[in-house]
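Trainee: What follows is a single structure, and I will ask about it in a moment.
The values are calculated or read from the model by the stated rules, or taken from the named source; none is laboratory data. This one's a predicted model, so the numbers in the text were calculated from it and none came from an experiment. When we count neighbours, we look across all protein chains shown, and the Cβ atoms used for this are built from the backbone with ideal geometry, even at glycine. When the accessible area is computed, the model is the full protein with side chains, heavy atoms only, and any ligands, DNA or RNA have been set aside. Shrake-Rupley method; radii C 1.70, N 1.55, O 1.52, S 1.80 Å.
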Amino acid sequence: MSRNSVNPIAGNIQHIRERITLAAESCGRRPEEIILLAISKTFPREAITEALAAGIRQFGESRAQEAEAKIPHFAETAKPEWHLIGHLQSNKTRRAVELFDVIQSVDSAKLAARISQAALELGKTIPILLQVDLGDEETKFGVTPDEVRGIIEAISDMKGVRLDGLMTLPPYFENQEEARPFFYRLRELGEKLETERSGCLGKRHLSMGMSHDFEAAIREGATIVRVGTAIFGIR
Ligand SMILES: *Cc1c(COP(=O)(O)O)cnc(C)c1O
């Protein structure tokens with residue numbers, strides 16, 4: 001896949017950007033409105049340095065503990081934006097709020113309250129996304145569409161967090177077209193919520209789509225695609 005033998009990661013990124021442009025233009029969207037979030041979990045700092053050199057400015061990590069060994073390293077120089085995309089344990093909340101710029105994996109009002117409290121203690125407001133579970137079977141994380149309104153109501157009173165949109169992780173399908181109904185439902189849910197309560201989703205981000213299905217997600221309105229394997233290789 002890579003076209004650049006000196007820095008294969010740069011070649012992969014260039015290729016993905018081309019695919020993002022094609023997918024966006026195929027449905028009348030502007031590619032600039034789509035953020036390519038490079039998921040660097042399990043990859044070393046050298047890989048992040050290569051992605052930075054190729055123009056990536058936003059990275060995602062799954063675990064606060066792993067991020068601890070990476071984020072401070074770039075804090076003085078490149079200063080990219082860091083998104084937490086994995087489940088956050090309560091004893092790691094404060095450190096996660098210190099390290100990350102955005103927390104995408106908020107799946108309860110209780111967690112949002114803990115994040116808000118930590119952010120206020122640190123004198124900041126942190127943007128968050130609500131992780132929605134649209135799967136038909138119960139998965140481990142994410143709020144159901146029925147729970148979303150109550151959680152948004154609770155979050156609206158929290159001063160340390162700002163809700164900026166929704167995130168989802170559909171089941172894996174061999175054919176990405178099969179994931180489209182899930183992406184469609186997240187967008188539809190976002191639109192419904194905004195109609196009921198204008199401004200409740202802040203920047204109205206829809207974080208959806210990974211290496212194997214980001215094009216389908218873009219066609220359904222993704223504003224953030226989370227791409228790991230297709231940039232950095234197999235984990
Ligand atoms: C690992 C991960 C990704 C990236 O997955 P790839 O298939 O490697 O692109 C995206 N989102 C979440 C929540 C993840 O945990």
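Trainee: Taking the Cα centre of the chain as origin and charging only Cβ (+1 Lys, Arg; -1 Asp, Glu), how large is the dipole, in debye to the nearest 20? Numbers along the way, then the final one.
Mentor: Numbers: 31 positive and 34 negative charges, 139 e Å.
With Lys and Arg at +1 and Asp and Glu at -1, about 660 debye.
Trainee: Scan around residue 209 for amide H atoms under 5 Å from its own, H built in the peptide plane at 1.01 Å from N, and keep only partners 5 or more places away or cross-chain.
Mentor: Counting only residues 5 or more places away or on other chains, the set is 226.
Trainee: Taking the simple approach of a point 7 Å from Cα along Cα-to-Cβ for both residue 235 and residue 195, what is their distance in nm?
Mentor: Here the answer is 3.6 nm between the modelled labels.
Trainee: Same structure, new question: Pop out the ³J(HN,Hα) list for region 195-211 in order, Karplus 6.51 cos²θ - 1.76 cosθ + 1.60 with θ = phi - 60°, rounded to Hz; leave Gly and Pro as x.
Mentor: Karplus values, whole Hz, x for Gly and Pro: 5, 6, 8, 4, x, 5, 10, x, 6, 6, 6, 10, 8, 7, x, 10, 3.
Trainee: Using a 1.4 angstrom probe on the protein heavy atoms only, could you order 192, 92, 203, 70 from most to least accessible area?
Mentor: On the way: 192 105, 92 55, 203 135, 70 10 Å².
Order by accessible area, largest first: 203, 192, 92, 70.
Trainee: From the residues 100, 26, 232, which one has its Cα farthest along the dipole of the chain in the positive direction, the dipole being from +1 and -1 charges on Cβ of Lys/Arg and Asp/Glu about the Cα centre?
Mentor: Of the candidates, 100 comes out farthest on the positive side.
Trainee: Moving on to the next point. With every protein chain present, what accessible area does residue 156 have (1.4 Å probe, heavy atoms only), rounded to the nearest 10 Å²?
Mentor: Residue 156 exposes around 60 Å² with every protein chain in place.
Trainee: For region 38-190, what number of Lys pairs, 8 or more residues apart or on separate chains, have alpha-carbon atoms under 15 Å from each other? Please report the intermediate quantities before stating the final value.
Mentor: Numbers: 41/70; 70/79; 92/110; 110/159; 124/159.
Close lysine pairs under the 15 Å cut-off: 5.
Trainee: Moving to a separate point now. How would 120, 22 line up by accessible area, probe 1.4 Å, largest first? If you can, show how the numbers build up before the last one.
Mentor: Details: 120 90, 22 120 Å².
Order by accessible area, largest first: 22, 120.
Trainee: Could you calculate the FRET efficiency of residue 174 with residue 76 from 1/(1 + (r/R0)^6), where r is the beta carbon distance between them and R0 is 35 Å, rounded to 0.05?
Mentor: Details: r = 44 Å, r/R0 = 1.24.
FRET efficiency, residue 174 to residue 76: 0.20.
Trainee: Summing -39500 (n - 2.57) over the DSSP H runs of n ≥ 4 in the chain and dividing by its residue number, what mean residue ellipticity at 222 nm do you reach, to the nearest 500 deg cm²/dmol? Mind showing how you got there, number by number?
Mentor: On the way: 9 runs with 91 residues, N = 235.
Counting only the DSSP helices, I get -11500 deg cm²/dmol.
Trainee: Counting only heavy atoms of protein chains, what accessible area per residue, in Å², does the chain have with a probe of 1.4 Å? Kindly include the intermediate steps, with their values, before the conclusion.
Mentor: Numbers: 11230 Å² over 235 residues.
I get 48 Å² per residue for the chain.
Trainee: Tell me, Kirkwood radius of the chain from alpha-carbon pair distances, in Å?
Mentor: Working: mean 1/r = 0.0554 Å⁻¹.
Hydrodynamic radius (Kirkwood, Cα pairs) of the chain is 18.1 Å.
Trainee: Show 212, 87 ordered by accessible area, largest first, where the area counts protein heavy atoms only and the probe is 1.4 Å. The partial results should precede the final answer.
Mentor: Numbers: 212 65, 87 90 Å².
My answer, sorted largest first, is 87, 212.
Trainee: Same structure again: What shape does region 145-206 take by its C-alpha gyration tensor, where a ≥ b ≥ c are the square roots of the eigenvalues and a/c under 1.5 counts as rounded, a/b above b/c as prolate, and the rest as oblate?
Mentor: prolate
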